[in-house]
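Have a look at the structure below, then the notes.
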Amino acid sequence: MKNFKPNIDWQDKVIDIKDLFKSFGSNHVLRGISLEVHKGENVVVLGRSGTGKSVLIKIMVGLLSPDSGEVNVLGKEVPTLSVQELRELRLRVGFCFQNGALYDSMTVGENLAFPLKRNTPGISRAKVKEMVANVLDAVGLSQTLDQMPSELSGGQRKRIGIARTLILRPDIMLYDEPTAGLDPITCTEINNLINEVQQRFNTTSIIITHDLTCAKAVGDTIVVMKEGKFIKRGPFDEVFDSNDELIREFYDYNFIQ
Ligand SMILES: Nc1ncnc2c1ncn2[C@@H]1O[C@H](COP(=O)(O)OP(=O)(O)OP(=O)(O)O)[C@@H](O)[C@H]1O
């Protein structure tokens, strides 16, 4: 449970998706998805493998186009955007990859400086240094500045991956399976970090996961996806305090893993 009250603006829809459909040939992946995400809200998308979570995320940032439906992200109708406009949008939507996607040949500090230098032409060395130090402090890993990624634990790599996304100060953070492959204690640390990011930077986040413990710890709202549709939506306790056959099935599946 969170030890703070998230500052969510329920009037401000940062993501507004209506009746989204997407098929690949005869594979009908998204079958009428609607989703509202508000400023400052952590929304968890729970669903088994292959239900279309990644397809949904890709449509949100214009990497795939929908067959029909509306996709509004940060006030922009994504399917109508030009290549340049999509580039600008993607800078405001930070994607945290499952494995952190760090460059093995660069130190932690260089890994963090890289996106900053690439996306902020003319930024001074002093400013880069300051921002790298700030973001490392935010993820609690200041001591790793000069280390190589290979010297980090799995959990530390995840934290640095999050820091590397955070350094561009995105409006939206997308976390893809943030706790996959981690032991329970490290999972808790990552869940805490996701909450700290929400509290400290007031970002809006979408967290894709199969992990119910993670969903419970970080989600203000949980949406459960099954066969291309959202079958439930609400706070964790509401969604899982349910005798609904479909939800029980998901719950049982999760704990057998
Ligand atoms: N570019 C594509 N071309 C054709 N089919 C695709 C494409 N991208 C995804 N799919 C199909 O869409 C379905 C949903 O895939 P998706 O990757 O979104 O699942 P997921 O819910 O993210 O699963 P996981 O949790 O395993 O990552 C799958 O059947 C996949 O094969």
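The values are calculated or read from the model by the stated rules, or taken from the named source; none is laboratory data. The shown structure was predicted, so the numbers you read here are calculated from the model rather than taken from an experiment. Every residue, glycine among them, receives a Cβ derived from its backbone with ideal geometry; neighbour counts consider all protein chains shown.
In summary, helices (runs of 4 or more DSSP H) completely within the range 184-249 and bearing 1 or more residues that are in contact with a Leu (Cβ under 6 Å, 6 or more places away or on another chain) occur at 212-218.
Among the residues of the range 230-257, those that are at pLDDT 85 or above and not acidic (Asp, Glu) comprise Phe230, Ile231, Lys232, Arg233, Gly234, Pro235, Phe236, Val239.
Candidates Val55, Val37, Val71: the one that is at pLDDT 95 or above and under 15 Å from the mean Cα position of the chain (by Cα) is Val37.
The number of residues in the range 156-184 being more than 30 Å from Pro121 (Cα to Cα) and among the polar types (S, T, N, Q) comes to 1.
Here Pro149 meets each of (1) surrounded by fewer than 19 Cβ atoms within 10 Å (Cβ to Cβ); (2) farther than 25 Å from Arg92 by Cα; (3) modelled with pLDDT under 95 with one exception, condition (1). Of the residues Val29, Val44, Val108, the single one that is within 16 Å of the ligand (Cβ to nearest atom), in contact with a helix residue (DSSP H, G or I) (Cβ under 7 Å, 6 or more places away or on another chain), within 26 Å of Cys187 (Cβ to Cβ) and at pLDDT 95 or above is Val44.
So, in the range 8-55, of the ones that are in a helix (DSSP H, G or I) and either of a type in the set (S, T, N, Q) or touching a residue at least 40 places away in the same chain (Cβ under 8 Å) (or both), which residue ends up farthest from Ile222 (Cα to Cα)? Show your work before the answer.
First pass over the range 8-55, keeping only residues in a helix (DSSP H, G or I): 53-55.
Still in the list and also either of a type in the set (S, T, N, Q) or touching a residue at least 40 places away in the same chain (Cβ under 8 Å) (or both): 53-54.
Working: Lys53: 13, Ser54: 16 Å.
Selected residue: Ser54.
When the range 94-120 is limited to residues that are under 25 Å from Leu182 (Cα atoms), within 20 Å of the chain's Cα centre (by Cα) and not polar (S, T, N, Q), the one that is surrounded by the fewest Cβ atoms within 10 Å (Cβ to Cβ) turns out to be Ala101.
So for the range 81-88 (the condition being in contact (Cβ under 8 Å) with a residue 12 or more places away in the chain, over 17 Å from Asp176 (Cβ atoms) and β-branched (Val, Ile, Thr)), does at least one residue qualify?
Scanning the range 81-88, I find no residue that is in contact (Cβ under 8 Å) with a residue 12 or more places away in the chain, over 17 Å from Asp176 (Cβ atoms) and β-branched (Val, Ile, Thr), so the answer is no.
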